[in-house]
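The values are calculated or read from the model by the stated rules, or taken from the named source; none is laboratory data. Note that this is a predicted model, so its numbers are computed, not measured. Quick reminder, even Gly has a Cβ in these numbers, built from the backbone with ideal geometry, and neighbours come from all protein chains shown.
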């Protein structure tokens, strides 16, 4: 499946506001869990929500039929969430959510905290790992 930009938005609040139905509920829930887990810089980059702490940490990407929850060092986080699928540049791994996919805020919090710790110890993943 070709990667495409999702909801165009000026800022993260507008990104969420432009959504509807289960996709909005899912993205809003993930966003809340991420924000509670760690202090991160939240921006719109590449057409979706991207969170930074010493480089990119994670993304929330809403598409027509799915929501992707991905981590730049996600390959190292698969013990926490085995549904993270490796792919793309760096150590990227994403968790694909479709309508009805269960997820737990506690698991999201653990993923976020560990991803932030990895960036703190290993540096910016876009600078420390081969593309």
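When 20, 53 are checked against the criterion of being at pLDDT 95 or above and under 23 Å from residue 123 (Cα atoms), 53 stands alone in meeting it.
When each of 103, 72 is tested for being in contact (Cβ under 8 Å) with a residue 24 or more places away in the chain and under 18 Å from residue 23 (Cβ atoms), the lone residue that passes is 103. Every condition in (1) part of a helix (DSSP H, G or I); (2) in contact with a helix residue (DSSP H, G or I) (Cβ under 7 Å, 6 or more places away or on another chain); (3) surrounded by 14 or more Cβ atoms within 10 Å (Cβ to Cβ) holds for residue 23 except the one numbered (2). For residue 9, the stated conditions hold: it is in contact with a helix residue (DSSP H, G or I) (Cβ under 6 Å, 6 or more places away or on another chain), closer than 14 Å to residue 60 by Cα and modelled with pLDDT under 95.
The residues of the stretch 85-99 that are exposed (fewer than 14 other Cβ atoms within 10 Å of the Cβ), touching a residue at least 40 places away in the same chain (Cβ under 8 Å) and either in a strand (DSSP E or B) or in contact with a helix residue (DSSP H, G or I) (Cβ under 7 Å, 6 or more places away or on another chain) (or both) amount to a single one, 99. If you go through the stretch 26-49 and keep only what is in contact (Cβ under 8 Å) with a residue 60 or more places away in the chain, touching a strand residue (DSSP E or B) at 6+ places or on another chain (Cβ under 7 Å) and either exposed (fewer than 14 other Cβ atoms within 10 Å of the Cβ) or part of a helix (DSSP H, G or I) (or both), you end up with 26, 30, 34. Of all residues in the stretch 102-131, those satisfying the criterion of being part of a loop (DSSP other than H, G, I, E, B) and either in contact with a strand residue (DSSP E or B) (Cβ under 8 Å, 6 or more places away or on another chain) or loosely packed, with under 14 Cβ neighbours inside 10 Å (or both) are 102, 103, 104, 123, 124, 130, 131.
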